[in-house]
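Below is one structure, written out as structure tokens, with a few remarks after it.
The numbers here are math on the coordinates, done by the rules we state, and not lab data. In this text the structure is predicted, and so the values were computed from the model without any measurement. Glycine also receives a Cβ, built like all others from the backbone with ideal geometry; neighbour counts cover every protein chain displayed.
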Amino acid sequence: MFLDALSYLTDTSRWSGSNGIGAFFVQQMLLTVTSLLVAVLIGLPVALYLGHRGRGGFLAVNVSNVGRAVPVFAVLLVLSIGPVGAKEFGPYGRAGLATLIALVLFALPPIITNAYVGVREVDRDIVEASRGMGMNGREIFSEIEWPLALPVIMTGVRLALVQVWATATIAALVAGPGLGRIITRGFANHRTSEVVAGAILVAVGALVLEGIAVLAERALDPMRRARRQPS
Amino acid sequence: MTLLAPTLAHLTSEGPSAAVAAVPQCYIDNDWICGYYWKDYRTDLVDATTQHLWITVVSVLVGLIAAMPLALLARRFARLESVVVGATTIIYTIPSLALFSLFLPWTGLTSTTVIIGLALYSLTILVRNVLAGLRSVPDEVRESAQGLGYGPARLLFKVELPLALPVIMAGLRVATVSTVALATIGSIVSYGGLGNLLLRAVGNQFKAQIFAASVLCVALAVLLDLLLVIIQRLLTPWTRVGQEA
């Protein structure tokens, strides 16, 4: 069965055309990148501000619990049948707007929770000491809280990335865009090799993204360089 | 097709002129909230909820049963720990639609396909929490028990597991709530509980059905979470002693 799936994946004619693997892959990548950027732009400033001021903790922490309990499938379906509709949306394909909104919604909880917790868990003694040294609020945030919280914040963004990729796959259940379409198409045509081929693509894509995110997280951590320097 | 079925039931004895008016307006308008839907489709809703519930419970239990020995092995052999944690991270990264589909060649269109996938997801959460829970047991407590002559098995069951219970239960709650939500994706192999109702509504755009299934799904997650909180309170009465005093 895996050999059938592999021969499906290596067949170049399967990759071309508007319903080929290539088109779905580009669609899913576009969806993932766009919605992660939007979620970071919306979620990070709010969560960082709340964390810095030490307010709204209940909301910031519980948004993740709520996000876990709500099924992605239901949200996608409500959005695509409800007000947003399932129309073509630029390069994002059918039900593109509904999918983008759902992706942003499910990317926000890990970003918000981790950014808030990351800033709050910066050692309060360090914050007090820097205040004693005459730093103002903005300096404390940019010089102390942000660099110390960055590893936790980046972990949140990484979780969001994986979540977005998974959600983009599920869009296929509402006949939306993305690589999941290869899986649902395989089910519709009773072609198990196509289902498995699609599943392999999605799974490998998720693992590659996770790997890249882990490497980026390491490269971006400012404290890592500091730790490495010989004292 | 299913949209028209319930309307016949409402052609009551009010005469032919009243027959059209007897079709509930919310079916005609395809409203999100439709009281008649909950009544007319009661058996569908009950069946779907029941399937959702047993798939969730079985998956989480299988995950828990598998997580225990894995966590104990990972704790015993330091080198195994990174392997176990790494492997569970990989599983957790794979999207549900893909994970279910990968088992298709072996388990086919059965509930086993969904249960294996969901059990693997809960396993990844539970292994970490069981490990963290066992780590949270203070060394002094462990050493005191050993000094009192507790063997490894008695130490585990009488001292370590009870003390680790709050952290394990926290993992169980996260695993259960996310399993309820993920089970809807099982509809791809026709075993998605309330997800089956959602998938059917993709074709006929039946809004009342989408709304009812979504609400029941979230309600099920909240109820199971509450149930686990109550179980935890009953299992760990000592954690409340300080508060009551």
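Considering all different alpha carbon pairs of the stretch A:1-119, the Kirkwood hydrodynamic radius works out to 16.4 Å.
Rounded to the nearest whole Hz, the Karplus-based 3J(HN,Hα) values (6.51 cos²θ - 1.76 cosθ + 1.60, θ = phi - 60°) of the stretch B:81-95 follow the sequence 4, 5, 5, 4, 5, x, 5, 5, 4, 4, 4, 5, 6, 6, x, with x at glycine and proline. In the protein assembly as shown, a dipole from Cβ-located charges (positive for Lys and Arg, negative for Asp and Glu) runs towards its positive end, and of A:208, B:96, A:223 it is A:223 whose Cα lies farthest in that direction.
Applying the Karplus relation 6.51 cos²θ - 1.76 cosθ + 1.60 with θ = phi - 60° to the stretch A:203-218 yields 3J(HN,Hα) values of 5, 4, x, 4, 5, 5, 4, 4, x, 4, 5, 5, 5, 4, 4, 5 Hz, where x marks Gly and Pro.
Taking Cα pairs under 8 Å and at least six residues apart, what relative contact order does chain A come out at, in percent? Averaging sequence separation for qualifying contacts and normalising by length gives 25 percent for chain A. Ordering A:141, A:105, A:198 by the projection of their Cα atoms onto the charge dipole of chain A, which places +1 on the Cβ of Lys and Arg and -1 on the Cβ of Asp and Glu, puts A:105 at the extreme positive end.
Across the stretch B:53-155, the relative contact order, built from alpha-carbon pairs under 8 Å that are at least six residues apart, equals 41 percent.
For the stretch A:1-69, the fraction of C-alpha pairs farther apart than 15 angstrom is 72 percent.
Around the amide H of residue A:94, modelled in the peptide plane, lie the amide H atoms of A:89, all under 5 Å away and 5 or more residues distant in sequence or on another chain. For the stretch A:101-108, 3J(HN,Hα) computed residue by residue from phi via the Karplus equation (6.51, -1.76, 1.60; θ = phi - 60°) reads 5, 4, 4, 5, 4, 7, 7, 5 Hz, glycine and proline entered as x. Relative to the Cα centre, the charge distribution of the protein assembly as shown, modelled as +1 at Lys and Arg Cβ and -1 at Asp and Glu Cβ, gives a dipole magnitude of about 620 debye. When only alpha carbons of the protein assembly as shown are considered, Rg and Dmax amount to 25.1, 94 Å. Based on alpha carbons, the Rg and Dmax found for the stretch B:115-245 are 20.1, 68 Å.
Got a sec? How would A:150, A:201 order by Cβ neighbour count within 10 Å, fewest to most?
Values: A:150 18, A:201 23.
By the 10 Å Cβ count, ascending: A:150, A:201.
Using only side-chain charges placed at the Cβ, +1 for Lys and Arg and -1 for Asp and Glu, the dipole size of the stretch A:1-112 relative to its Cα centre rounds to 440 debye. Rg and Dmax of chain B, based on Cα coordinates, read 23.8, 88 Å.
Taking 4.7 Å between C-beta atoms as the pairing limit, chain B has these partnerless cysteines: B:217. Of the residues A:69, A:154, A:41, the one whose Cα sits farthest toward the positive end of the charge dipole of the protein assembly as shown, with +1 on the Cβ of Lys and Arg and -1 on the Cβ of Asp and Glu, is A:154.
Volume per residue for chain A equals 149 cubic angstrom (convex hull of Cα atoms).
Every helix of 4 or more DSSP H residues in the protein assembly as shown counts as -39500 (n - 2.57), and over all residues that averages to -24500 deg cm²/dmol at 222 nm.
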